[in-house]
Every structure is written in structure tokens, then in C-alpha cells.
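What follows is one structure encoded as C-alpha cells, with my remarks underneath.
The values are calculated or read from the model by the stated rules, or taken from the named source; none is laboratory data. Only a predicted model underlies this, so the values are computations on that prediction, with no experimental measurement involved. Note: ideal-geometry Cβ built from the backbone for every residue, glycine included; neighbour counts use all protein chains shown.
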Amino acid sequence: EAGVAQSPRYKIIEKRQSVAFWCNPISGHATLYWYQQILGQGPKLLIQFQNNGVVDDSQLPKDRFSAERLKGVDSTLKIQPAKLEDSAVYLCASSLDGGRLDTQYFGPGTRLTVL
Amino acid sequence: SQQGEEDPQALSIQEGENATMNCSYKTSINNLQWYRQNSGRGLVHLILIRSNEREKHSGRLRVTLDTSKKSSSLLITASRAADTASYFCATDPSGGYNKLIFGAGTRLAVHP
């Protein structure tokens, strides 16, 4: 079974530039998550989708971050404009249906460096 | 905000020894999960323990949960060099939709 795919794996940008990350979840998984993991910390949930609807985006900095999941499959996360503190690994995860005992499967992540 | 706090922050042991990591959390939960992260395989789910369970085993892993103390422990027995990784506890708060809140993790180094 193919896992969660993410691209690019690495990205270096200047502050105030824009960047976009792409995620393709495991086939058949209805729930998709984006996490931000700053060096030395655990992942922090940014946004959770159930199919193409948003379940939780309470920790998404909406003035600069946006995410969409058109057609309920793959998803993009955008940062515009980027700040130095956005340097982190952005992890995408998917799960079958978002139920309480559901296992989340993580992709390899995109490491973003903002200079 | 991060709900879970792992202890210790770092642990260094020899192969064959046991490793114990602890996690404390703040609010009531549906379940608690442990994940492992290393550079080779990314973040991988290890085990889930429900709020009404007290202990769970999976291979060399043993997890305990004490909801009265809001704490959990992960025991890895007979550790191997391949167990070198960061270990995170993640809680699914009551009333949530499988919304995981991760701690800062314990960095485990197992030396041959």
C-alpha cells in the first residue's frame, strides 16, 4: 500500500516570499491533516479536513496560511508571505475516517527554511 | 498548545537494556497514542491505548495509562540500536475528532 506522499521534500525561501506544499493521502482515506513541527518540538495540528470540508483550523494562522482539499483527495498548504518563524517541517497525515480509534499515517514531510 | 509533556527529554542506554519514557497530560482524553520519529522512517504510529484501558502490549512495547494521574508510560524492553529515535505521546482530547496533541518528545539513543 502506498503511503502518504508529500512534495517538495525541501524548500528554502526568503522571508516575505510565498510557498506551497502538496500532499497526496493514502487512497481511500477521508481525513487529512497538516501539522507544523518546529525543531525540538512535537507536531502541532494546523488544519484537519474530512473529505473536502474543514473540521478544525483553530491553530492555522489564517492571515498568512491557507489550505485546500479540492475533490476530497490531495491537498495544498500555502504560506503567503513567509516569516522566519515559519521555518519548520510540515507534515501531512491521513486516516481512514477520523474516528476516535483511527490511526494517522504520516508522510515524510517538507522541510522549510525561511531566510 | 502542547498538552503532553514527556520525561525525560533525553535518554541514553546500552543495547539490551530497557527504556522507560513518561508522559503527562492536562485534560480528559479519548485515547493516548505513542509515535516514533527517526530520519529514516518519519513519524510512525506505535500503539494506542483507550481511556478505559490500563495497560497494553505490542511486541517489545508496554504502555500503561493512569487517567487519575493523567499520565502514561512507554516501556521498550531489550532495546536495540534500531530503536534510536524520538518518541512522542499524543492525546486525543475528549470531545474532539481524532485531533492529536503531541508532546515535545523523548530522544532515545541506544548504543551498541
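Can you work out which of the residues in segment B:63-94 that are within 14 Å of chain A (Cβ to nearest Cβ) and touching a residue at least 60 places away in the same chain (Cβ under 8 Å) is surrounded by the fewest Cβ atoms within 10 Å (Cβ to Cβ)?
Here the answer is B:94.
So is residue B:19 farther than 26 Å from residue A:36 by Cβ, touching a helix residue (DSSP H, G or I) at 6+ places or on another chain (Cβ under 9 Å), among the hydrophobic types (A, V, I, L, M, F, W, C) and modelled with pLDDT of 95 or more or not?
yes
Do you know which residues across segment A:81-113 are within 11 Å of chain B (Cβ to nearest Cβ), assigned to a loop (DSSP other than H, G, I, E, B) and not small (Gly, Ala, Ser)?
Scanning segment A:81-113 gives A:96, A:97, A:100, A:101, A:102, A:103, A:104, A:108.
Which members of segment B:1-59 meet the condition of being among the basic types (Lys, Arg) and in contact (Cβ under 8 Å) with a residue 60 or more places away in the chain?
Across segment B:1-59, there are no qualifying residues.
Among the residues of segment B:68-81, is there at least one that is over 15 Å from the mean Cα position of the chain (by Cα) and either of a type in the set (Asp, Glu) or modelled with pLDDT under 95 (or both)?
There is no residue in segment B:68-81 that is over 15 Å from the mean Cα position of the chain (by Cα) and either of a type in the set (Asp, Glu) or modelled with pLDDT under 95 (or both).
If residue A:48 meets every condition in (1) under 30 Å from residue B:10 (Cβ atoms); (2) part of a strand (DSSP E or B); (3) in contact (Cβ under 8 Å) with a residue 24 or more places away in the chain apart from one, which number is that one?
All conditions are met except number (1).
Of all residues in segment A:33-88, which are out of contact with any strand residue (DSSP E or B) (no Cβ under 6 Å at 6 or more places or on another chain) and under 15 Å from residue A:104 (Cβ atoms)?
Of everything in segment A:33-88, nothing turns out to be out of contact with any strand residue (DSSP E or B) (no Cβ under 6 Å at 6 or more places or on another chain) and under 15 Å from residue A:104 (Cβ atoms).
Within segment B:8-28, track down each residue that is closer than 14 Å to residue B:103 by Cα, out of contact with any Leu (no Cβ under 6 Å at 6 or more places or on another chain) and not in a loop (DSSP other than H, G, I, E, B).
B:10, B:22, B:23, B:24
May I ask you to say which residue of B:97, B:87 is part of a loop (DSSP other than H, G, I, E, B) and under 19 Å from residue A:105 (Cα atoms)?
B:97
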